[in-house]
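The block underneath contains the structure these notes are about, expressed in structure tokens.
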Amino acid sequence: MKQLFPSLPEAPKLSDVFRRFPDTVRPLLELTDAVMRRDSALTVGERELIAAYVSGLNACRFCMDGHEVYARAHGVDPALIAALLDDPEGADIDGRLRPLLAYVAKLTREPSKMVEADAQAVYAAGWTEEALYDAIQTCALFNLMNRVIEGTGVPPMLPDPDRPEGAPLPRMDSYLAFGRTLGVV
């Protein structure tokens, strides 16, 4: 277990980090709501898929696992995320999503190597500039969040042993409201 901040518990939760460093929590959660929950050319499920995929590319299990649950709650098959991480070219995904996900993968791994052809592939698949920008914002947000999680030593979440099999999945309709339930905003 990595203990990166002596003032935090040995296995800190995100709420511990937010309580310890509260100054930017509200704007961060407001930004998350704006990126992830406002009306968009991308569905909430597609944005949650991007969040989980980018987090997987960054090996941030906390964010990947959490956003996989939210993606599943919004109709995304969780096996898709694992398949994308294992073999992005061979993953069985909607052809329209493939260039969008390739774009965010390249933006995560090699941001300085983005070229016009990357964007053109997204447009050729039928996406608008607004959709691409929403994908970029989702990618950027989760590159930020992954670094907050990993940089503060928040470990991956454990499965909830009290959650009954088949119980409805959480949809996370508002990150700011979630922050209120944690008592951090």
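One residue stands out among those in region 140-185 that are surrounded by 13 or more Cβ atoms within 10 Å (Cβ to Cβ) and on the phi > 0 side of the Ramachandran plot: the one that is modelled with the lowest pLDDT, which is Met172.
To keep it simple, each residue is scored yes or no on (1) of a type in the set (Asp, Glu); (2) outside any helix (DSSP H, G or I).
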{"residue": "Leu80", "(1), (2)": "no, no"}
{"residue": "Gly90", "(1), (2)": "no, yes"}
{"residue": "Leu101", "(1), (2)": "no, no"}
{"residue": "Asp118", "(1), (2)": "yes, no"}
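Residues that are charged (D, E, K, R) and in contact (Cβ under 8 Å) with a residue 60 or more places away in the chain: does region 56-65 have at least one?
Taking every residue of region 56-65 in turn, at least one turns out to be charged (D, E, K, R) and in contact (Cβ under 8 Å) with a residue 60 or more places away in the chain.
Mind listing just one residue for me: the one in region 3-35 that is surrounded by fewer than 16 Cβ atoms within 10 Å (Cβ to Cβ), in contact (Cβ under 8 Å) with a residue 24 or more places away in the chain and within 22 Å of the chain's Cα centre (by Cα) and, of those, farthest from Gly183 (Cα to Cα)? Per the stated criteria, the residue is Ala11. Only one of the numbered conditions (1) outside any loop (DSSP other than H, G, I, E, B); (2) surrounded by 15 or more Cβ atoms within 10 Å (Cβ to Cβ); (3) of a type in the set (S, T, N, Q); (4) over 15 Å from the mean Cα position of the chain (by Cα) is violated by Ser40, and that is (1). Within region 15-71, being within 16 Å of Val154 (Cβ to Cβ) and of a type in the set (Lys, Arg) holds for Arg19, Arg20, Arg61. Of all the residues in region 86-136, those that are under 17 Å from the mean Cα position of the chain (by Cα), closer than 15 Å to Arg47 by Cβ and either free of Cβ contacts under 8 Å to residues at least 12 places away in the same chain or open to solvent by 50 Å² or more (accessible area, probe 1.4 Å) (or both) number 1.
The values are calculated or read from the model by the stated rules, or taken from the named source; none is laboratory data. The structure displayed is predicted, hence computed values, not measured ones. All Cβ positions, even for glycine, are placed from backbone atoms using ideal geometry, and neighbour counts span all protein chains on display. Heavy atoms of the whole protein, side chains included, go into the accessibility calculation; ligands, DNA and RNA do not. Shrake-Rupley method; radii C 1.70, N 1.55, O 1.52, S 1.80 Å.
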